[in-house]
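Asks: What follows is a structure written as structure tokens; I'll ask about it next.
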Amino acid sequence: MKERTRIRKLIPCAVYDVEAMESWLSDQAAQGCLLEEDGIFGPWAYFVPGPTRPAAYRLTSSLSSPEFTGPDEEARDLSAAYGWEYLARRKEFYIYRAVSPDVRELDTDPQIQALILRAVRRRTIGSIATLLVMGICYPLFLLAKDGQLGLLVQYPWYWMIPFACVVWFLSLSFASSRHYQRLGRHLQEGRPLDHQKTWRPQARRHLVCSLVSALLTGLLVVQLVLVLVFTTPF
């Protein structure tokens, strides 16, 4: 029987729940699954199977580097000097791993962490504003300008799926903003992050959210294809 060299698992944590993500990755290491380099792809995480071993994971902000190539060489060297290896990027966060039990923490000041999360939250609020304007306000403005608001009632099927997508992803963005706010307040009070947070209670909810997002996105794509097919002259 061929030995497995790679294991793929669905990530059970929302992007913004950094504590749950760190805890989940550490639990996988305890089961003999170490996150491989660049092992995050969409909702999936890829692991290298091996002997069970303790490993700590930390997520730090990636806002300082707009590129998707990871932190710069200086940041990698500094982290390596502390015993942390850069592995992957998951949207607004870099993922580091340490296998030594006595490593220095990457982020030791909760106040600085709070400031970083505040910056991440500002970007989230910016995406909320963009989605609200481009997904709802601007289309309504164009219809009102052309005197075609009645089309919303006449052809409900035409706008219901796009509107549902905008509302759904707006709700997810609001949830992430609220989480960052609570986490930032927690850090401002001088309390560190819980790197062993229980992630299992949120796993089912995150799976449902992922399925709804995939379903709405699929319906939107199908609708766009149908619109293009039936409105394009031959």
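We did not get these values from a lab; they are worked out from the coordinates using the rules stated. Predicted model only: the values in this text are computed from it and were never measured. Don't worry about glycine lacking a Cβ; one is built from the backbone with ideal geometry, like all the others, and counts go over all protein chains shown.
Asks: If packing is taken as the mean number of other Cβ atoms within 10 Å per residue, what is the order of 121-131, 170-180, highest first?
Replies: 170-180, 121-131
Asks: Which three semi-axes in whole Å describe the equivalent ellipsoid of the chain, each the square root of 5 times a Cα gyration tensor eigenvalue, listed largest first?
Replies: 39, 23, 16
Asks: Taking only DSSP H segments of four or more residues, each worth -39500 (n - 2.57), what value at 222 nm results for the chain once the sum is divided by all its residues, to the nearest 500 deg cm²/dmol?
Replies: Counting only the DSSP helices, I get -17500 deg cm²/dmol.
Asks: When a/c is below 1.5 the answer is rounded, else prolate if a/b is larger than b/c, else oblate, so apply that to region 145-223 with a ≥ b ≥ c taken from the square roots of the Cα gyration tensor eigenvalues.
Replies: Note, shape of region 145-223 comes out oblate.
Asks: Sequence-distant or interchain residues sharing an amide H contact under 5 Å with R90, placed H: which?
Replies: Those lying under 5 Å, H to H, from R90 are I95.
Asks: Specify the inter-centroid distance of region 79-134 and region 1-53, based on alpha-carbon positions, in whole Å.
Replies: So the separation of the two Cα centres works out to 18 Å.
Asks: If I require 30 Å or longer along the helix axis, counting alpha carbons, and a Kyte-Doolittle average no lower than 1.0, what helices from the chain are left? Use full DSSP H segments.
Replies: 200-231
Asks: Next question. Along its principal axes, what span do the Cα atoms of region 31-103 show, with the longest given first and each in whole Å?
Replies: So the extents along the principal axes, rounded to whole Å, are 35, 30, 15.
Asks: Would you mind getting me the FRET efficiency between D102 and Q188? Use the beta-carbon distance for r and R0 = 25 Å, nearest 0.05.
Replies: The formula returns an efficiency of 0.30 here.
Asks: Please enumerate, by chain and number, the aspartates and glutamates with C-alpha under 13 Å from the C-alpha of K197, excluding those fewer than 8 residues away in the same chain.
Replies: D17, E19, E22, D27
Asks: Here's something else I'd like to know. How far apart, in nm, are the 7 Å Cα→Cβ label points at A203 and Y138?
Replies: Simple spin-label model gives 4.0 nm for this pair.
Asks: Would you tally the net charge around K197, using a Cβ to Cβ cut-off of less than 9 Å, leaving K197 out, and scoring K and R as +1, D and E as -1?
Replies: -4
Asks: How high is the relative contact order of region 82-234, in percent, counting Cα pairs under 8 Å that sit 6 or more residues apart?
Replies: 26 percent
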